[in-house]
């Protein structure tokens, strides 16, 4: 190991470069506590997100397929979305699962949390596990949503995450947390 | 499965909201081909990134710990960085590994690729596997870098990724790809 703990830079100010519906882009002014270096870094500020590993009673994982405007392509993922202000991550996971797929019920708990990208982004993504999910309600898409819902056996979902069949990094990470937690 | 393939929206224009050193933020105008709906979506444009799973001859994974300006905290990760224009992902992985840790050599190949966030971001992150990595050169940090390098047994790295000890989603996803490829 290289010697010494890396220094924690000190944030001394920030200004908003642009504010949008889904994120704010800020320039943050930092000072290195030892070197004295001062520099501005670009940081994306966004609400926390939630991703849901939902498993049916017959051990199938619920997947959603939809058009994504970042990649400008269809993407196979687990359900998820933006956590509303003040909303609990588990409650947000239950809400997103229900809205996107119509599934609900079962045993629900937080699997873990990650930083989508701590280098340039301040928010977290929480992974919620729903065990024993069943169809409970009509689907309730947002105006711009159009989602193909499917289920695949747990082993197939993990294989898709490992083989490039599921390419959203947060879905891949969530499935890894599930595998670790479930010992599958 | 819900019937029907989701529509692919058509991009009809874009304008840059702000351009920075690490990313451009754009507003993209899309039209739904069936509904006719038109709407602007915010998209982060960034170069592709690379993350490196580097394994030593005695089966230890190389980790780096550094201050991150997005999370404003220290973060334990695998090595990685931005792919330069025209640079091959594997070459970029070798370069970043060498610059950040001084390790190199061994057998190198592409493990897989993901979208960090296809919902709002256009770039990919490529995962490069280096097997048999050994110290080969002096560390060559960027001006703002200050990195604590360590190695842990493969099983410990995977456990860290599953338990919240490693919280960068791209490191977690890369380690999942490694586990799948290595059958560990």
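Only the coordinates and a few stated rules stand behind these numbers; no lab work does. All values derive from a computational prediction rather than experimental measurement. Don't worry about glycine lacking a Cβ; one is built from the backbone with ideal geometry, like all the others, and counts go over all protein chains shown.
Can you give the Kirkwood hydrodynamic radius for the range B:72-114, in Å, rounded to one decimal and based on Cα pairs? Can you show the working numbers first?
Numbers: mean 1/r = 0.0857 Å⁻¹.
One decimal place: 11.7 Å for the Kirkwood radius.
Could you tell me whether the range B:17-99 comes out rounded, prolate or oblate from its Cα gyration tensor? Rule is a ≥ b ≥ c as square roots of the eigenvalues, rounded for a/c under 1.5, then prolate if a/b exceeds b/c, otherwise oblate. Prolate shape, in that a/c is at least 1.5 and a/b is the bigger ratio.
Look at the stretch B:173-182: the mean tally of other chain Cβ atoms within 10 Å of its residues' Cβ atoms is 5. With contributions of -39500 (n - 2.57) from each DSSP H run of at least four residues, the per-residue ellipticity at 222 nm computed over chain A stands at -6500 deg cm²/dmol. Taking A:173, A:91, A:119 as the candidate residues, the one with maximal mean-square fluctuation in a Gaussian network model of chain A, Cα springs under 10 Å, is A:119. Result for chain A in a Gaussian network model with C-alpha springs under 10 Å: among A:63, A:17, A:160, the largest mean-square fluctuation is at A:17.
Looking at the range A:49-182, the pairs of alpha carbons with a distance over 19 Å make up 45% of the total. Spin-label model, residue A:74 to residue A:136: label points 7 Å out along the Cα-to-beta-carbon direction sit 2.9 nm apart.
Look at the stretch B:61-70: the mean tally of other chain Cβ atoms within 10 Å of its residues' Cβ atoms is 6. Here residue A:34 yields copy-to-copy label distances, from shortest upward, of 5.9 nm, the label point defined as 7 Å from Cα along Cα to C-beta. Helix A:89-101 and the long axis of chain A differ in direction by around 50°, with both axes built from C-alpha atoms. Restricting to bridges with both residues inside chain B, how much of the DSSP beta-bridge set is antiparallel, in percent to the nearest 5? Of all bridge pairs located within chain B, approximately 85 percent are antiparallel.
Find every distance from the label point of residue A:132 to the corresponding label point in the other copies (7 Å from Cα along Cα→Cβ) and write them in nm, one decimal, shortest first. Shortest to longest, the spacings are 5.2 nm. Each copy carries a label point for residue B:20 at 7 Å from Cα along the beta-carbon vector; from one copy to the others these points are 1.2 nm apart, nearest first.
Once the Cβ-Cβ distance between residue B:59 and residue A:155 is put in as r, and R0 is 35 Å, what FRET efficiency do you end up with, to the nearest 0.05? Don't skip to the end; give the middle numbers.
Values: r = 26 Å, r/R0 = 0.74.
For residue B:59 and residue A:155, the calculated efficiency is 0.85.
Build a GNM of chain B with springs between Cα atoms under 10 Å apart, and of B:64, B:18, B:55 the one that fluctuates most is B:18.
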